[in-house]
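The next block holds one structure in the form of structure tokens; read it before the comments.
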Amino acid sequence: MSNDEKKLSRQWFRSAKFAVLFHWGLYSLAAGTWKGKRIHGIGEWIMYRGRIPVREYETLAAQFNPVKFSGKEWARIAKAAGMKYIVVTAKHHDGFAMFKSKASQYNIVDATPYKRDPLLELAEACEKEGIRLGFYYSQFQDWHEPDGAGNTWDFPQERKFENYFNAKALPQVRELLTNYGPVALIWFDTPGTMSREDSLRLVQAVHELQPDCLINSRIGNGVGDYDSLGDQEIPLVARGGLWESVDTHNDTWGYVEFDRNWKSPRELVERMVKVVGKGGNYMLNVGPTGLGQIPAACAGILREVGAWVGRNKEALYATDASPLGLLPWGECTSRSGKLYLHVLDWPQSERLVVPGVTAKVKRAVLLTDARRRPLRVSVGKGAVSIRVPRVAPDSPATVVALDVAGKLRGCAARTVINCHRNDFDPPYSVLKNCKHAKFSWMEKFGDWKHADCVAEWSGPESKAAWRFTALEPARYYLELDYSCDERSSDSEGMLTVGRTSLPFPVLDTGERSNPVPDHGLWPLFRVYRLGMIELPRAGNYSLTIGPMQKTEGGWIKLRRVSLLPVNA
Ligand code: H79
């Protein structure tokens, strides 16, 4: 393929913005319980977590009969939610193929009373609805096979990975790319210690059978076409290239009957918009039941999200990342000559302040206003101000669309606005003698949390600093969000804003190493209000923070500093 052809074949992915990932397999039938005992955490790991022997887990296949499955229904629900591509687990780590396979009898057609291939039906439905289809395939872990990775309870002996790879993984990937029409992407996962040669053999098979099919980064060894971020990771900073965030709707991927922790429509819209404003796609997971149904609570929330997406499509699909700096009220997306302001925290002041707009604003309208009546725009120092209704016209977010002329320059400095909370995130700080560090940990098993922090402070010489502009004089509460273990407890820190210095004691938040082997750290972030400060004038300020003493353990993991308006 020439470079131009390659670019074209990827354009759909760049424009898609919203997608669904279905986790569906034998684990969906177990639904989080094994032999009467609940196993909390991600449902598709039940075999691993319960150390269930292959022979016992296989009995699920004999009962797997998803008579309520309808590929049409799944595709319709995805389409109504505004999702542009569907990825479905063709084979997860448990090794069970949800499609007809000649490479292994352990598949839904040969091993279950259902006897049908649901991926054929789904492929057909996607084609009809105009949605692209991709397959999740666990290429490295396979707990069913003596030579696949991961199952040490049945197969403690040394393994010959190549046997499994040649006999099952590679042939099954070939089947998926041969029998289901056009495959938009293959979503590999957990490459583990796979060799570069093996990753490349998969790439070669994909390119040979479907040259337009994209491959995600979890193929391993840096040979994918686009980046899948960590499970449930929403980035704080814009990223270039093709990438996708992958998120859960509750705290599991595969169906767990007793997990009701659904993200609300507001939370989903917020997470989607944050991702799209950083230049990526938001792929949301749905875990259908063992009968093949999408849980009612999940489907209902997706409908609400879809209604919002439907009203605001123009501000989502085929947009680019935000060219503006940090926005206290939400996120921004853009295209040539346009800015879309996604306001999640609607101002009570009837005035939406948009910092960092260097171009001329020709027109501002509410996207939900069918008559497109222009809103009053005034230009002040360092910010544009738009007259808006007191009550938010749309929910969970209201989009204000701006027509702009001239070049938009990125603006790194932060503008503090007196009617919103103003967060200072670590990636935007300048550091001296301390480091940016990313921490990822699991709370319930498999439920990943991520924090971008300032850490490894070396002593009184260490400082993190943010520059910002205040639009008017005002008073704010200062809040810190950090995790700290006992070694730094009761040490002193100093925060300075302009001429005001605020000394504060650091407190042990309960951070410790995770008692579960291999699980690393267990940070525990807490929010403390340090006090009130005054910004006596409009203009530029700097906010710095650091320790007053040297402490063992690198002092705190600082996740956020915030300024909260006192009068709001
Ligand atoms: O498919 C979903 C999850 O099942 C899958 N990725 C999403 C998209 C996933 N793979 N792994 N995990 C989730 C959790 C990872 C657990 C690990 Fe460990 C902790 C890997 C290494 C440390 C414990 C110890 C489990 C394996 C070794």
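The values are calculated or read from the model by the stated rules, or taken from the named source; none is laboratory data. Just so it is clear, the structure is predicted and the values come from calculations on it, not from any experiment. Backbone-built Cβ (ideal geometry, glycine too); neighbour counts: all protein chains shown. Only protein heavy atoms, including side chains, enter the accessible area calculation; ligands, DNA and RNA are left aside. Shrake-Rupley method; radii C 1.70, N 1.55, O 1.52, S 1.80 Å.
Are there any chymotrypsin sites (Phe, Trp or Tyr not before Pro) in region 58-142 that are in a DSSP loop and have at most 13 other Cβ atoms within 10 Å? List them by number. Write out the running numbers ahead of the final one.
On the way: sites: F64, F69, W74, Y85, F96, F99, Y106, Y114, F135, Y136, Y137, F140; in loops: F64, F69, F96, F99, Y106, Y114, F140.
Within region 58-142, no chymotrypsin sites (Phe, Trp or Tyr not before Pro) qualify (loop, at most 13 other Cβ atoms within 10 Å).
In region 461-568, carbon and sulfur make up what percent of the accessible area (probe 1.4 Å)? Intermediate results must be reported in sequence, preceding the final value.
Numbers: 2520 of 5340 Å².
Solvent-exposed carbon and sulfur of region 461-568 make up 47 percent of the total.
Which FRET efficiency, nearest 0.05, do A405 and L209 yield, Cβ-Cβ r, R0 41 Å? If you can, show how the numbers build up before the last one.
Numbers: r = 47 Å, r/R0 = 1.16.
Result of the calculation: an efficiency of 0.30.
Please report the antiparallel percentage of the DSSP beta bridges confined to region 1-115, to the nearest 5. Don't skip to the answer; put the middle values down first.
Numbers: 3 of 8 bridges.
Around 40 percent of the beta bridges assigned by DSSP in region 1-115 are antiparallel ones.
Which angle from 0 to 90°, rounded to the nearest 10, does the C-alpha axis of helix 296-311 make with the longest principal axis of the chain?
50 degrees
Which of the GluC sites (Glu not before Pro) found in region 290-397 are in a DSSP loop and have at most 15 neighbouring Cβ atoms, other than their own, within 10 Å?
On the way: sites: E304, E314, E331, E350; in loops: E350.
Answer by residue number: E350.
On the principal axes of its Cα set, how long, how wide and how thick is the chain? Give whole Å, largest value first.
Taking the Cα atoms of the chain, the three principal extents are 74, 61, 47 Å.
Could you tell me what percent of the accessible area of region 166-257 is made up of carbon and sulfur, with a 1.4 Å probe and every protein chain present?
Values: 1620 of 3200 Å².
Here it works out to 50 percent.
Any chance you could run the full-extension gain for R390 through W12? It's 0.36 nm times the residue separation minus the Cα-Cα distance, nm to one decimal. It would help to have the intermediate numbers written out before the result.
Values: separation 378, 0.36 × 378 = 136.08 nm, distance 3.80 nm.
Length gained between R390 and W12: 132.3 nm.
Can you give me the angle between helix 196-209 and the longest principal axis of the chain, using Cα atoms only, in degrees from 0 to 90, rounded to the nearest 10?
With both axes taken from Cα atoms, the answer is about 80 degrees.
What is the spin-label model distance, in nm, from T178 to K100 if the labels are put 7 Å beyond Cα along the C-beta direction?
About 1.3 nm separates the two model spin labels.
Given the protein chains as shown and a 1.4 Å probe, how many square angstrom of M83 are accessible, to the nearest 10?
Estimated to the nearest 10 Å², M83 gives 10 Å².
Give me the percent of the accessible area of region 22-161 that comes from carbon and sulfur atoms, probe 1.4 Å, all protein chains in place. It would help to have the intermediate numbers written out before the result.
On the way: 2820 of 5700 Å².
On region 22-161, the fraction of accessible area on carbon and sulfur atoms equals 49 percent.
Hey, what's region 185-286 come to in accessible area per residue, 1.4 Å probe, Å²? Before the final figure, lay out the partial values.
Details: 3490 Å² over 102 residues.
Roughly 34 Å² per residue, with all protein chains present.
If you place +1 on the Cβ of every Lys and Arg and -1 on the Cβ of every Asp and Glu, how big does the dipole about the Cα centre of region 484-568 come out, in debye to the nearest 20? Show your work: numbers first, answer last.
Working: 10 positive and 9 negative charges, 84 e Å.
Value, rounded to 20: 400 debye.
Excluding same-chain pairs closer than 8 in sequence, count the lysine pairs in region 18-98 whose Cα atoms lie under 28 Å apart.
Going through region 18-98 pair by pair, I get 10.
To the nearest 10 degrees, how steep is helix 265-277 against the longest Cα principal axis of the chain, on a 0 to 90 scale?
Tilt of helix 265-277: around 80 degrees.
Within the chain, what percent of beta bridges assigned by DSSP are antiparallel, to the nearest 5?
Working: 82 of 116 bridges.
Percent antiparallel among DSSP bridges in the chain is about 70.
How high is the FRET efficiency from N3 to A238, r the C-beta distance, R0 30 Å, rounded to 0.05? It would help to have the intermediate numbers written out before the result.
Details: r = 24 Å, r/R0 = 0.79.
With R0 = 30 Å, the Cβ-Cβ based efficiency is 0.80.
Once R0 is set to 25 Å, what does the formula 1/(1 + (r/R0)^6) return for the Cβ-Cβ distance between S501 and R421, expressed as a FRET efficiency to the nearest 0.05? Write down the numbers at each step before the final one.
Numbers: r = 22 Å, r/R0 = 0.90.
Given R0 = 25 Å and the Cβ-Cβ separation, E is 0.65.
How do 269-282, 19-32 rank on mean C-beta neighbours within 10 Å, highest first? Numbers along the way, then the final one.
Numbers: 269-282: 23.1, 19-32: 25.1.
In descending order of packing, they fall as 19-32, 269-282.
Write down the accessible area per residue of region 115-168 in Å², having rolled a 1.4 Å probe over the full set of protein chains.
Working: 2520 Å² over 54 residues.
With the other protein chains kept in place, region 115-168 gives 47 Å² per residue.
Within the P(r) computed for region 199-257, what percentage of the Cα pairs occupies the region above 14 Å? Intermediate results must be reported in sequence, preceding the final value.
Details: 1099 of 1711 pairs.
For region 199-257, the fraction of Cα-Cα distances above 14 Å is 64 percent.
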